[in-house]
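See below for the structure under consideration.
Laboratory data are not the source of any read-out in this text; all were calculated from the coordinates shown. None of the values given here were measured: they were computed from a predicted structure. Note: ideal-geometry Cβ built from the backbone for every residue, glycine included; neighbour counts use all protein chains shown.
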Amino acid sequence: MSSSELPTFLDLPHRTAKPRKTGITHVLDKGCTLQMTQGVLSSAAHIIDVWKFGFGTSYVDPSARAKIAALRGARVKCCTGGTLLEVAWLQQRTEDFFHFAREMGFDCVEVSDGVTDMLPSAKQDLISRARRFGFEVMSEVGSKNPSKVMPPAEWISQIEADLASGADWIVVEGRESGTVGLYDDDGKVRHHLLNVLMRSPHAERLIYETPQRAQQAFLIRLFGAEVSLGNILIDEVMSLETLRRGLRADTLAILPEANAADSEFGLSFQI
């Protein structure tokens with residue numbers, strides 16, 4: 001076995017290869033350096049699908065262009081943070097934003113309405129405009145405000161409207177804290193909401209933000225190795241892959257010989 005080959009002697013859950021349609025790993029870059037980016041890519045490019053420049057970091061980082069070039073060279077899609085577009089919308093600079101994102105080399109843009117009073121119609125217009133500019137669109141659904149808890153029916157309504165407007169993926173809000181949107185303020189999954197989301201006809205187009213390890217492990221136990229997860233911290237990418245492959249105590253039960261019917265791993269499981 002060469003130094004770059006991975007071992008194959010264990011029976012582990014199947015993982016699709018890039019470019020993936022399932023099992024997406026979407027990472028959150030909160031401002032790592034070019035050198036850090038290159039270091040992560042040297043060992044983990046094969047398991048990272050989308051690299052989101054969180055918040056407005058791409059606007060203030062002088063190395064952003066070089067990072068994007070390195071990411072694209074490693075076949076990792078680059079995505080803007082939703083807050084940056086919201087600020088541009090608030091200042092009526094959305095056209096400038098799209099030109100900026102295209103000139104920088106971004107593959108994807110995130111369209112969100114979590115920090116402004118943007119109406120759904122305005123958000124859907126941004127999705128359509130982003131598609132016309134040639135971007136893959138990740139639409140974030142759910143509020144960043146912990147006091148604003150949307151009923152499941154409203155989640156489904158927004159998901160369907162955003163997809164109809166041209167969104168490629170729906171990012172299920174969890175924020176970097178994992179205490180809003182899909183989760184309560186203790187980081188516990190809102191099971192009634194998850195029940196509705198997982199039964200949606202659009203379930204395969206959902207990327208669940210899961211910044212906390214317990215949240216990652218729970219969704220992997222529930223859906224399997226090919227669940228799409230987002231807002232993964234850069235230094236936890238390899239750890240997440242071990243969870244996906246059943247190489248960590250938290251997900252040992254997803255191995256082929258494990259009893260998948262064990263009730264511990266149903267929706268009754270509490271994180």
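The table that follows gives values for the structure above.
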| quantity | calculated |
| --- | --- |
| Qualifying trypsin sites (Lys or Arg not before Pro) in the range 53-82, DSSP loop, other Cβ atoms within 10 Å at most 16 | R75 |
| Isotropic mean projected area of the C-alpha convex hull, the range 103-245 (nm²) | 8.9 nm² |
| Rg(Cα) / (2.2 N^0.38 Å) computed for the range 52-178, rounded to two decimals | 1.02 |
| Paramagnetic reach from Q38 (point 7 Å along Cα→Cβ, amide N under 12 Å) across the range 46-83 | 66-67, 70-71 |
| Mean Cα-pair separation over length for the range 1-133, i.e. relative contact order, pairs under 8 Å, 6 or more apart, % | 19 percent |
| Helix-derived mean residue ellipticity, 222 nm - over the chain, DSSP H n ≥ 4, -39500 (n - 2.57), to 500 | -10500 deg cm²/dmol |
| In Å, descending, principal axis extents of the Cα set of the chain | 55, 47, 29 |
| For the chain, built as a Gaussian network whose Cα springs stay under 10 Å, the top-fluctuating residue of E86, E236, E140 | E236 |
| Only Lys, Arg (+1) and Asp, Glu (-1) charged, at Cβ; the range 84-124 dipole about Cα centre in debye | 60 debye |
| Segment L247-L6, length gained on full extension (0.36 nm per residue, minus Cα span) | 85.4 nm |
| Sites A153 and T179 - FRET efficiency at Förster radius 30 Å, r taken between beta-carbons, to 0.05 | 0.85 |
| Contour minus Cα-Cα distance for F100 and A214 (0.36 nm per residue) | 37.4 nm |
| Reference-scaled alpha-carbon Rg (2.2 N^0.38 Å with N residues) for the range 1-86 | 1.24 |
| Inter-label distance, nm, simple model (7 Å from Cα along the C-beta direction), A122/R15 | 4.1 nm |
| Unpartnered cysteines - no second Cys beta carbon under 4.7 Å - across the chain | C32, C78 |
